[in-house]
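Notes to accompany the following structure.
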Amino acid sequence: MTASKRRESWSSRFGFVMASIGFAVGLGNIWRFPYLTGEYGGAAFVLVYLLCAFAIGVPILMAEILIGRRGRLSPPGSMRALAKQEGRSRHWRWVGAMNLLAAFLIEVVYSVITGWVLFYLYKAITTGFAGVDGPMAAGQFDTLLASTPTMLFWTLAGLLLTGLTLYAGVEKGIEKVVIVLMPALFGLLIVLVIYNAFAGGFARALSWLFTPDFSKLNGGVCLAALGQAFFSIGVAMAAMMTYGSYLPERISIGQSVVMIVTADTLVALLAGMVVFPAVFANGLDPAAGTGLTFMTLPIAFARMPGGHLVGSLFFLLLSVAALTSMIGFVHPLTTWLEESRGYARHKSIIIVLIAIAVTSISSIASYNVLSDWKIMGVNLNAGLDFVANQVLLPVGGFLIAVFAGWFMSRESVEKELVIANDMLFGTWYLLIRYAVPTAVATIFLFGII
């Protein structure tokens, strides 16, 4: 190992898997997946997303976590240390830096969306959604977007809760939060899907999600699906590499990754089966964009027996999922400051959260006062989303695969993965060296063109 000092560690594989699922499962599944599926035509997008998650995401995520565990440092530190150990260029540290940049840019937008979730939790608890119909739900969401002070307040509230959890540390903070609440969110989604099966719009939603129209496939759809797969499972965002640095050697990386990606994908599909029945039952537009989840679920809760309680519980669990994802974005940044600048944990947390809070003001303003301000035809949030999710994540994932497959020795990789079955390791090694980099490069280039 290259670690220079003792680090905290996960107490068990279950704790690590739940924390990783807590990072992966969040607004990317319940907010982003439904609206992108709506924008990109339904089942064809879903099919490419699933292929990217399992055939590309799983091998890269295994590589990312093994780099973190072998390096035992922040992403730039682990990349630099392993490059030195393997006799490679120190400039590989910039891949870790790219991951940190992606995490920061995503968090700038994500913290604002988390603020929306906390606002809707407040609404669900205090007033509920009784009597809410399509126009009322849309009007409520538009009112939220128009109020900069309201969005700023709830964004700062989310950042404060993130900082408090991070301050408690890995085992006492992150692990204890997710180990109970992640299974609870999964269970509630199943209950909502069962309810939707009898509430109307369910058959049409299933057809929309699982009957692909391949005429809608093009390079842009495939790149968006790849970006969503990477966003959803956490590839090249620095979090999984950082979480890997706390992973004890006795825990299998391969088994953990398969569990993480499977759970994450199931939650995304369940979220689609929660959101789209309400969309079709109420004549809403599936391509409504970023507000899709927030304009459909209040309608569903308004019509549901016990909707006040269920809506409050849902937004409580979604708030936890959003916050655990925020923790995953912020934690690598604070770890890097501790390591590179020698700052104490609390000082690193404060610096990172202030930087995100200040930058998020521009994201908030792009929904109202700066909504007409565009660069190359897109507003700030759309631009940040494209750069982070459809440029930095694919490029970062490609470079992680290349580093693990070509610049780390086979012996180092094999020792860290601890795959007893030679055929399974050989398959993964072929994928990470040839198939995965080729697939990512091809999708990226055709998508950009």
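Considering the dipole of the chain built from charges on the beta carbon (Lys and Arg +1, Asp and Glu -1) around the Cα centre, which of H346, L431, L445 is farthest to its positive end? The residue sitting most towards the positive pole is H346.
Take the solvent-accessible surface of the protein heavy atoms, probe 1.4 Å, and return the percent of it on the chain that carbon and sulfur atoms account for. C and S fraction of accessible area: 68 percent. Solvent-accessible surface of protein heavy atoms, probed at 1.4 angstrom with all chains present, puts C52, C222 in the order C222, C52, largest first.
Rounded to the nearest 10 degrees, the angle from helix 58-71 to the longest Cα principal axis of the chain is 50 degrees.
Distance between the C-alpha centers of segment 74-108 and segment 186-257? Whole Å please. Segment 74-108 and segment 186-257 have Cα centres separated by 26 Å.
Once the GluC sites (Glu not before Pro) in DSSP loops with at most 14 neighbouring Cβ atoms within 10 Å are cut out of the chain, the longest remaining piece is 250-449.
Which whole-number percent is the relative contact order of the chain (Cα, under 8 Å, 6+ apart)? Relative contact order here is 35 percent.
In this label model, Y343 and L51 are separated by 4.3 nm, measuring between points 7 Å along each Cα→Cβ vector. Dipole size of the chain about its Cα centre, with +1 on Lys/Arg Cβ and -1 on Asp/Glu Cβ: approximately 1100 debye, rounded to the nearest 20. When semi-axes √(5λ) of the Cα gyration tensor in Å is computed from the coordinates, the matching label among (1) 99, 28, 16; (2) 40, 35, 15; (3) 34, 24, 21 is (3).
A full extension of the chain between T359 and K374 corresponds to an added length of 3.7 nm, given 0.36 nm per residue minus the alpha carbon distance.
Each label point is 7 Å from the Cα along the Cα-to-Cβ direction; what then is the distance between the points at T262 and V387, in nm? Modelled inter-label distance: 3.9 nm. Dipole orientation for segment 40-145: of the candidates G41, M136, I106, I106 has the Cα lying most toward the positive pole (charges on Cβ; Lys, Arg +1; Asp, Glu -1). Multiplying the residue separation of Y122 and A420 by 0.36 nm and subtracting their alpha-carbon distance yields 102.3 nm. Estimated from helical segments only, the mean residue ellipticity of the chain at 222 nm is -23500 deg cm²/dmol, where each DSSP H run of four or more residues counts as -39500 (n - 2.57). Extension gain, F214-Y434: 0.36 nm per intervening residue step, less the Cα-Cα distance, totals 76.6 nm. Dipole of the chain computed with +1 at Lys/Arg Cβ and -1 at Asp/Glu Cβ about the Cα centre; of S412, F214, T150, farthest Cα towards the positive end is S412.
The angle between the Cα long axis of helix 345-365 and the longest principal axis of the Cα atoms of the chain comes to about 40 degrees, rounded to the nearest 10.
The values are calculated or read from the model by the stated rules, or taken from the named source; none is laboratory data. This one's a predicted model, so the numbers in the text were calculated from it and none came from an experiment. Methodologically, a virtual Cβ is constructed for each residue, glycine included, from the backbone with ideal geometry; neighbour enumeration extends over all protein chains shown. For the accessible areas, the whole protein counts, side chains as well, though only heavy atoms, and no ligand, DNA or RNA atoms are used. Shrake-Rupley method; radii C 1.70, N 1.55, O 1.52, S 1.80 Å.
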